[in-house]
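To start, the structure itself, in structure tokens.
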Amino acid sequence: MKIGVLALQGAFAEHSAVLQRLGVEAVEIRLPGQLENLDGLILPGGESTSITKLMRHYALTKKLHEMAVNGFPLFGTCAGMIVLAKGISNGKIEPVGVMEIDVKRNAFGRQVDSFETDVAIPVLGRNKFHAVFIRAPLIASVGTDVEILAKLPNGTIIAARQGKLLVTAFHPELTDDPRFHQYFLDIIAGKK
Ligand code: GLN
């Protein structure tokens, strides 16, 4: 399997490291021509304003939209989730906009804009997942085709899936638990 990691800005190197650990070829993607022959693409966390500006500049926004509509698997984490959302409640951002979710940027306020917590994610098994939130967005609402994968104890939605599109509000690449990346690989392989 060969998975791309969008490498315009943000935490892309960490995603590549997890993929390599799982025995998968990871390729850094900066230009549309590099999207050929990939089995899927990860959009990392970082700053969604910068990432979407760079994506537009390099003609990646529409190309990825088209590919996603045709079933190409995408996994967006944190800012990457914002890039995939159809609805963004704050911030002037032109997203890829393929997933039926509404997100709110920087949703956890200033005092607690970064925190870590163990969350239950049933599709990953019984052990909780250590989730790292850095100026994280939240998912305010989801469309009918979207499966909610995880919530915080207060009900805030923090991970979801729609077909071969997967998103998390947190950073699964910053822990040494590769289960979320493995889940994405299983979705691509049609095992989940
Ligand atoms: N606050 C960032 C944004 O809105 C996301 C933060 C992150 O990806 N860690 O783009």
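The values are calculated or read from the model by the stated rules, or taken from the named source; none is laboratory data. Being a predicted model, the structure only gives us computed values, none of them experimental. Positions of Cβ are backbone-derived with ideal geometry, glycine not excepted, and every protein chain shown enters the neighbour counts. All accessible areas refer to the heavy atoms of the entire protein, side chains included, with ligands and DNA or RNA removed. Shrake-Rupley method; radii C 1.70, N 1.55, O 1.52, S 1.80 Å.
Pairs exceeding 30 Å between alpha-carbon atoms, taken from LYS62/LYS104; LYS63/LYS128; LYS86/LYS151; LYS62/LYS128; LYS53/LYS128: LYS63/LYS128; LYS62/LYS128; LYS53/LYS128. One Cα centroid belongs to segment 128-192, the other to segment 29-79; the line between them spans 18 Å.
Given Cβ point charges of +1 (Lys, Arg) and -1 (Asp, Glu) and nothing else, what value in debye, to the nearest 20, does the dipole of the chain about its Cα centre take? Walk me through the intermediate numbers first.
Values: 21 positive and 19 negative charges, 63 e Å.
Dipole size: approximately 300 debye.
Using a cutoff of 8 angstrom between alpha carbon atoms and counting only pairs six or more residues apart, the relative contact order for segment 9-102 works out to 27 percent. With the chain treated as a Gaussian network of Cα nodes joined by springs under 10 Å, which of MET67, MET99, MET81 yields the largest mean-square fluctuation? Residue with maximal mean-square fluctuation among MET67, MET99, MET81: MET67. Close amide H partners of LEU149, meaning residues 5 or more places away or on another chain with modelled amide H under 5 Å apart, are ALA159, ALA160, ARG161. I'd like the accessible area for LYS192, computed on protein heavy atoms only with a 1.4 Å probe and all protein chains in place. Round to 10 Å², please. The accessible area comes out at roughly 110 Å².
Ignoring ligands, DNA and RNA, what percent of the 1.4 Å accessible area of segment 80-191 is carbon and sulfur? Walk me through the numbers before you get to the answer.
Working: 2430 of 5170 Å².
So the carbon and sulfur contribution to the accessible surface is 47 percent.
For the chain, the per residue solvent-accessible surface stands at 46 Å², with DNA, RNA and ligands left out and a 1.4 Å probe.
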